[in-house]
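The values are calculated or read from the model by the stated rules, or taken from the named source; none is laboratory data. Predicted, not measured: the structure shown is a model, and the values here were computed from it. Don't worry about glycine lacking a Cβ; one is built from the backbone with ideal geometry, like all the others, and counts go over all protein chains shown. Areas reflect the complete protein model, heavy atoms only, side chains present, ligands, DNA and RNA absent. Shrake-Rupley method; radii C 1.70, N 1.55, O 1.52, S 1.80 Å.
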Amino acid sequence: MKRQAIIENIKVRSGKDLVEFVDKSKNRAYFTINKNTLPQIVKYLFNDVKARFSTASGVDTRNAVEILYHFSIDEIGFIVTLRVILDKSNLEIDSLTPVMKCAEWIEMEMHEMLGVNFKGHPNLKHLLLKDDWPEGNYPLRRD
């Protein structure tokens with residue numbers, strides 16, 4: 001699949017939930033989308049485009065937690081990043097594990113380190129911290 005077709009398909013599938021699109025370079029594009037459309041876009045990338053899920057990263061920006069999901073379309077050397085911004089008052093988003101099992105551990109890590117609740121995740125247990133780590137204390141949060 002060609003780069004421009006992938007970009008247009010993501011735009012169409014996102015519809016009004018596309019907040020921002022940045023065509024960074026010939027190898028990189030960023031889409032900021034509302035969280036409710038994330039599973040649909042990930043299904044398209046993972047199942048239809050056969051993109052490889054590289055990783056996800058989360059960062060506390062003081063007012064929100066941003067999650068960036070990085071996908072690589074290796075055959076054309078193109079990386080798509082989906083960015084979702086979660087308001088600190090509602091750090092909840094659908095888990096991507098029903099779409100791609102490979103998201104399980106990174107979601108566990110973000111839950112543990114940033115306090116994001118991944119709805120539908122099969123096992124949000126401690127991955128890095130001790131089991132007796134204080135509830136509500138998230139090491140990567142600024143507050």
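Can you give me the angle between helix 104-114 and the longest principal axis of the chain, using Cα atoms only, in degrees from 0 to 90, rounded to the nearest 10?
50
So for the pair residue 87, residue 140, with labels modelled 7 Å out along Cα→Cβ, what separation do we get in nm?
Between residue 87 and residue 140, the label points sit 2.3 nm apart.
Pull up all non-local amide H partners of residue 117: gap of 5 or more, or a different chain, and H-to-H distance under 5 Å with H placed in the peptide plane.
Placed amide hydrogens put 92, 93 under 5 Å from residue 117.
Tell me, what ³J(HN,Hα) does each residue in segment 26-34 have, in order and in whole Hz, if you take phi through Karplus 6.51 cos²θ - 1.76 cosθ + 1.60 with θ = phi - 60° and put x for Gly and Pro?
My calculation for segment 26-34 gives 5, 9, 8, 9, 10, 10, 9, 10, 6 Hz in order.
Going by average Cβ neighbours within 10 Å, how do the peptides 118-124, 37-43 rank, with the highest at the top?
Output ranking for 118-124, 37-43: 37-43, 118-124.
Over segment 21-122, with every protein chain in place, what whole percent of the accessible area is carbon and sulfur at 1.4 Å, could you tell me?
After summing per-atom areas, the C and S share lands at 48 percent.
Quick one: which residues, 5 or more positions from residue 51 or on another chain, have an amide H under 5 Å from its amide H? H modelled 1.01 Å from N in the peptide plane, none for Pro or chain starts.
Answer set, sorted by chain and number: 46.
If you roll a 1.4 Å probe over the heavy atoms of the protein chains, what accessible area per residue do you get for the chain, in Å²?
Ligands and nucleic acids excluded, the figure is 54 Å² per residue.
How big, in percent, is the set of alpha carbon pairs in the chain lying more than 23 Å apart?
34
If I stretch the segment between residue 128 and residue 63 completely, what's the gain in nm (0.36 nm per residue apart, minus their alpha carbon distance), one decimal?
The residue 128-residue 63 span can extend by a further 20.9 nm.
Calculate one ³J(HN,Hα) per residue across segment 2-11 by plugging θ = phi - 60° into the Karplus curve 6.51 cos²θ - 1.76 cosθ + 1.60, and present them in order as whole Hz with x for glycine and proline.
7, 3, 5, 5, 5, 4, 5, 5, 5, 4
Report, for the chain, the % of DSSP beta bridges that are antiparallel, rounded to 5.
Percent antiparallel among DSSP bridges in the chain is about 75.
Under 10 Å, Cα contacts only: if you run a Gaussian network model on the chain, which one of 54, 25, 95 comes out with the highest mean-square fluctuation?
Of 54, 25, 95, the most mobile in the Gaussian network model is 25.
I need the shape label for segment 1-59. Rule: rounded when a/c is under 1.5, else prolate if a/b > b/c, else oblate, with a, b, c from the alpha carbon gyration tensor.
Rounded.
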